[in-house]
Amino acid sequence: MRLLTTVAALRCYLAQHRFKNQLVDQAQLLAFEVTARSKTAVGLVPTMGALHEGHLSLIQRARQENAIVIVSIFVNPLQFSPNEDYQRYPRTREQDQLFCEQAGVDAIFAPTPEEMGVAQKIVQESKVTQVIPPSAMISGLCGRTRLGHFQGVATIVTKLFNLVQPDRAYFGQKDGQQLAVIKRLVADLNFPIEIVACPTVREASGLAVSSRNQYLTATQKQQASVLYRGLQSSQAAFRAGVRDAKALIAAVRQEVAMFSSVLVEYVELVEPNTLMLIEEKVEEEGMLAVAARLGSTRLIDNIILHDRQPIIAIDGPAGAGKSTVARQVAAKLGLVYLDTGAMYRAITWLVLQKGIALDDECAIAELANHCVIQLSPGKDLQTPVQVWINDTDVTQAIRTHEVTSKVSAIAAQSAVRQALLKLQQNWGKKGGLVAEGRDIGTQVFPDAEVKIFLTASVSERARRRQQDFQKQGQPEVSIEQLEKDIAERDRKDSTRKVSPLQKAADAVEIRTDGMSVSEVTEQIVDFYTNLR
Ligand code: AMP
């Protein structure tokens, strides 16, 4: 791991590492010189140091999704007002270095304020260009008391994005207002960066882990956990049908009032992306956010309230029986089956149909962003979901060996995944669905109520695939060939740079060797019913 403390060192590191020389034959090299160097994905985790489990969750996610992970550690003077804890903020450089080393970080970028061009004198004299987020997003919640805070955050994050030029940047849902501001910044200023939101990591008491928790005594920490209990009590009311903003806020206040030492600064209910105040009723979703003081320590927390039925997300390798099981679970529970695999197959079919080369990512991106995919449930459990792409019924055509052997190459393309992700998440807004794929629980619906990772040995999956082909009257493919294809697809799926196959930390693994479809279905239905 490298420690980089200057902009020059960071630039040098990136120049050396972000482009990886690929082996290509000489003729190719002469024809397309530029393809000889392919960019490797860089993930950035911006932090202020004093690293903890919350930061670790961001680093781990970045590690899974990128070839290079850079953690920035910078206590940003721009985001502290004069009466705040800039001087006192914990600085634990040596510990942080060890922490990053153990977490598999490639480089830490830890500049001084002078190096970042925001030394205190410069800041006090307003001698630096700043990025100002929309006032509607920074006038409520923490913006009410932390004047200039989000402008300071937006400015430093912009500088980090320009310096590191990451492919993805990771932020915690714990700082919900900051997350919304950064998402908006990236959209408004056209940064070609994917913002990845990570769930809040909590202590066993429910207290959100934070660098500022170091300021608290053991007793204060115990008392501080009342903030999450307040949020939970409101969530329970929401689940029981309460939608009125005032009542939901009152539920938090009532719980927190149990400790007179915890002084509430605000409890607000806002729309999570625009941060517009929800004054009357929560329609689709709301972010319920709280800030409070305990002695001289200021703490924040939030939860997202969704007005939707549950989502069951089923992930796992190719051929583990995900689609059969998902369809049965959906039928048993009266939920909708969202066949995302069929969507990828449909695009693959269209690419083959149009004779587009599989590596012509630009042409495929065009296609994915402009095609119309429709799904409708099969007549019964034996009939597959019906699929149309651009009004052509491709229900049968997408199940051929040719499509099966090419779908992985298409699904690995970032633009295709982005196009389908939008579509799937739109369907997910209302919930009440069972979805399966290879990144459903990790990427598409990371907040799914039930996450299952379905797997089986390669030989079992090859045997099942052969039976499927026989049933569909497809030409015979040998078991050896199928095993080879499946093993190769596993390898591609789990090593691809975009959304690799992985089990979500909170997923339940079911190994289906020797189990019938109805046994697996029963297990998932039981799991779902017990949760409720
Ligand atoms: P900070 O060092 O406090 O500026 O935080 C750096 C990043 O870590 C921000 O994106 C935070 O939202 C995120 N973060 C801090 N605490 C947590 C937590 N408990 N769970 C998840 N993310 C967190």
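For this structure, a couple of remarks:
- Share, in percent, of DSSP beta bridges within the chain that are antiparallel, nearest 5: 45 percent
- Rh (Kirkwood; distinct C-alpha pairs) - the chain, Å: 25.4 Å
- Heavy-atom accessible surface of region 2-198: percent carbon and sulfur, 1.4 Å: 52 percent
- Short-range pairs are left out: with C-alpha atoms under 8 Å and at least six residues apart, the relative contact order of region 211-306 is 27 percent.
- For region 361-519, with all protein chains in place and a probe radius of 1.4 Å, 51% of the accessible heavy-atom surface sits on carbon or sulfur.
- Loop sites in region 69-168: GluC sites (Glu not before Pro), DSSP, at most 11 other Cβ within 10 Å: GLU114, GLU125
- About its Cα centre, region 2-198 has a charge dipole of approximately 220 debye under the convention of +1 per Lys or Arg Cβ and -1 per Asp or Glu Cβ, with nothing else charged.
- The chain, accessible area per residue, ligands and nucleic acids excluded (1.4 Å, Å²): 47 Å²
- Alpha-carbon centroid distance for the pair region 60-75 / region 212-276, whole angstrom: 31 Å
- Charge dipole (Cα centre; +1 on Lys/Arg Cβ, -1 on Asp/Glu Cβ; no other charges) of the chain amounts to roughly 660 debye.
- From most to least packed by mean Cβ count within 10 Å, the peptides 2-9, 150-157, 191-198 give 150-157, 191-198, 2-9.
- The angle separating the long axis of helix 414-428 from the principal Cα axis of greatest extent in the chain is about 80 degrees.
- VAL7/ASP506 FRET efficiency (R0 41 Å; Cβ-Cβ; nearest 0.05): 0.60
- Calculated [222 nm] ellipticity per residue, helices only, for the chain: -12500 deg cm²/dmol; basis is -39500 (n - 2.57) per DSSP H run with n ≥ 4, divided by all residues, nearest 500.
- Annotation: the antiparallel percentage among DSSP beta bridges lying fully within region 2-198 is about 15.
The values are calculated or read from the model by the stated rules, or taken from the named source; none is laboratory data. Here the structure is a predicted model, which is why all the values come from computation and not from measurement. Don't worry about glycine lacking a Cβ; one is built from the backbone with ideal geometry, like all the others, and counts go over all protein chains shown. Only protein heavy atoms, including side chains, enter the accessible area calculation; ligands, DNA and RNA are left aside. Shrake-Rupley method; radii C 1.70, N 1.55, O 1.52, S 1.80 Å.
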